[in-house]
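The values are calculated or read from the model by the stated rules, or taken from the named source; none is laboratory data. None of these values were measured; they are calculated from a predicted model. Don't worry about glycine lacking a Cβ; one is built from the backbone with ideal geometry, like all the others, and counts go over all protein chains shown.
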Amino acid sequence: MITKVATDDTANPPAESELITAFGTAATVGAGFVALLDDAGAGTAVYLVASDGTNWWHALMTKAV
């Protein structure tokens with residue numbers, strides 16, 4: 001399984017409009033879509049994002065040290 005990863009520069013947390021720019025609308029990607037958003041490709045803020053087919057959801061991940 002390959003997970004889509006976007007490296008768009010977004011707000012913290014990302015706005016719905018930014019997730020739409022990175023991945024498309026929630027309706028377009030469909031329910032069950034899951035991806036990663038690496039804010040600006042910097043590796044400092046990485047979000048797990050998911051669509052329920054209507055809305056976008058996101059969670060900030062914690063870097064392992």
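If the condition is being outside any loop (DSSP other than H, G, I, E, B) and farther than 12 Å from His58 by Cβ, then segment 7-32 contributes Ser17, Ile20, Thr21, Ala27, Thr28, Val29, Ala31, Gly32.
The set of residues in segment 56-65 that are free of Cβ contacts under 8 Å to residues at least 12 places away in the same chain and either in a loop (DSSP other than H, G, I, E, B) or at positive phi (or both) comprises Thr62, Ala64, Val65.
Every residue, every condition in (1) touching a Pro at 6+ places or on another chain (Cβ under 6 Å); (2) surrounded by 14 or more Cβ atoms within 10 Å (Cβ to Cβ); (3) of a type in the set (Asp, Glu), yes or no:
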site	(1), (2), (3)
Asn12	no, no, no
Ala15	no, no, no
Glu18	no, yes, yes
Ala22	no, yes, no
Asp38	no, yes, yes
Gly43	no, no, no
Thr54	no, no, no
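From the list Gly30, Gly53, Gly24, Gly43, the lone residue that is at positive phi and modelled with pLDDT under 95 is Gly43.
With respect to the conditions (1) among the hydroxyl-bearing types (Ser, Thr, Tyr); (2) assigned to a loop (DSSP other than H, G, I, E, B); (3) in contact with a strand residue (DSSP E or B) (Cβ under 8 Å, 6 or more places away or on another chain), Ser51 lacks only one, and its number is (2). Scan segment 33-48 for residues that are assigned to a loop (DSSP other than H, G, I, E, B) and either farther than 22 Å from Val65 by Cα or without any contact (Cβ under 8 Å) to a residue 24 or more places away in the chain (or both) and the total you get is 3.
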